[in-house]
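Visitor: Quick one: this structure, given as structure tokens, is what I'll be asking you about.
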Amino acid sequence: MKEKFTIGEMAKLHQIRESTLRYYDEKGIFQPKFVDPQTNYRYYTIGQFSMLSIIKFLREMKIPLKDIKLFVENRTPALALDLLENQMELLMNKQREIEYMMSMMQHKIGAIHEGIQQPSSAMTIKVLQARPIRAVAIDGDIPDELFEFHLNELQKEVHPLFAGDIGVSIPKEAILQQNYQQYNRLFILLDPQYTEVDSYSHIDEGMFACMYHYGSYETSIHTYGSLHEEIERQGYEIVGDTIEVGIIDYALTPREEEYVTEIQVPVSKKK
């Protein structure tokens with residue numbers, strides 16, 4: 001039975017690149033065990049097969065090479081257990097992140113679908129729980145450049161994994177006076193699963209009359225008119241600041257006519 005193997009043979013047998021074996025050799029992670037005294041050629045031995053298999057397994061588990069080198073040099077069952085348990089914890093954390101990102105994507109997909117398919121004249125009543133936000137106060141006539149500056153500063157404060165939709169609020173008094181762009185607050189919605197509501201500003205829970213606006217923000221007066229008519233017709237009254245949440249905005253399309261904004265007006269039944 002053959003007991004010595006060149007680097008090319010070792011690579012072929014174990015389905016690994018020669019360049020990877022050379023790198024392992026250079027870094028002292030896995031080196032040929034036998035040197036021919038006459039030719040100085042270096043060979044791997046059959047006894048090294050199991051070690052290479054372990055190294056490949058650890059790399060498949062995304063364990064860093066520095067940790068693998070430490071294990072190879074000081075390998076014990078206890079060290080192997082510690083190495084694998086630590087990596088298991090890292091992978092489980094990564095799995096939770098991936099699951100959460102998929103949940104966020106599904107939420108965004110659903111919101112875009114609903115925004116695209118919902119007739120602009122349809123009002124819906126939603127009962128929403130308290131929503132944590134990271135917010136900053138702004139003036140109603142804020143220039144676009146300053147708006148973007150505040151938004152950028154907010155985004156720096158929030159881990160991108162836990163940040164949701166961007167929105168603004170409009171005071172009740174401004175809405176009643178039909179001043180629909182007198183914003184008083186810019187905010188980023190945060191995921192309540194990963195955020196203590198009491199630790200942040202929040203949008204109060206309550207009942208909201210909701211309608212989608214299609215197009216530029218400047219043309220929202222028409223949608224607000226329809227929404228107010230429906231609120232009145234169905235026997236509701238406005239009880240707080242209005243919320244606008246961006247569903248499709250400049251980040252998704254350069255065409256303002258394709259923008260979709262959900263308007264959420266807090267209401268209660270008239271007594």
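Visitor: Considering Phe49, Phe57, which residue is without any contact (Cβ under 8 Å) to a residue 24 or more places away in the chain and among the aromatic types (Phe, Trp, Tyr)?
Guide: On the way: Phe49 fails: without any contact (Cβ under 8 Å) to a residue 24 or more places away in the chain.
Answer to the check: Phe57.
Visitor: Could you grab me the full set of residues in the stretch 199-219 that are part of a helix (DSSP H, G or I) and modelled with pLDDT of 90 or more?
Guide: Of the stretch 199-219, the ones part of a helix (DSSP H, G or I) are 199, 217-219.
Passing the criteria: only Thr219.
Visitor: Does any residue in the stretch 134-152 that is closer than 22 Å to Gly164 by Cβ come within less than 6 Å, Cβ to Cβ, of a residue that is assigned to a loop (DSSP other than H, G, I, E, B) and not aliphatic (A, V, I, L, M) six or more places away or on a different chain, and which pairs are these?
Guide: These pairs meet every condition: Ile138/Tyr183.
Visitor: Can you pull out every residue in the stretch 220-239 that is in a loop (DSSP other than H, G, I, E, B) and either among the acidic types (Asp, Glu) or at negative phi (or both)? Quick ask: steps written out before the conclusion?
Guide: Step one: list which residues in the stretch 220-239 are in a loop (DSSP other than H, G, I, E, B), which gives 234-235, 239.
If the condition is that a residue be in a loop (DSSP other than H, G, I, E, B) and either among the acidic types (Asp, Glu) or at negative phi (or both), then Gln234, Val239 are the ones that fit.
Visitor: For Leu58, only one of the following conditions fails: (1) hydrophobic (A, V, I, L, M, F, W, C); (2) more than 39 Å from the chain's Cα centre (by Cα); (3) surrounded by 15 or more Cβ atoms within 10 Å (Cβ to Cβ). What is its number?
Guide: Result: Leu58 passes all but (2).
Visitor: Tell me whether the stretch 208-219 contains one or more residues that are touching a residue at least 40 places away in the same chain (Cβ under 8 Å), within 25 Å of the chain's Cα centre (by Cα) and closer than 20 Å to Gly115 by Cα. Before you say what the answer is, go through the steps one by one.
Guide: The initial filter retains those residues of the stretch 208-219 that are touching a residue at least 40 places away in the same chain (Cβ under 8 Å), namely 208-217.
After this cut, where a residue has to be within 25 Å of the chain's Cα centre (by Cα) as well, the list is 212.
Pick out the ones that are also closer than 20 Å to Gly115 by Cα and you get 212.
Checked against the condition, which is being touching a residue at least 40 places away in the same chain (Cβ under 8 Å), within 25 Å of the chain's Cα centre (by Cα) and closer than 20 Å to Gly115 by Cα, the stretch 208-219 yields at least one hit.
The values are calculated or read from the model by the stated rules, or taken from the named source; none is laboratory data. Predicted model, so just to flag it, every value in this text is computed and none were measured. Neighbour counts run over all protein chains shown; Cβ positions are idealised from the backbone, glycine included.
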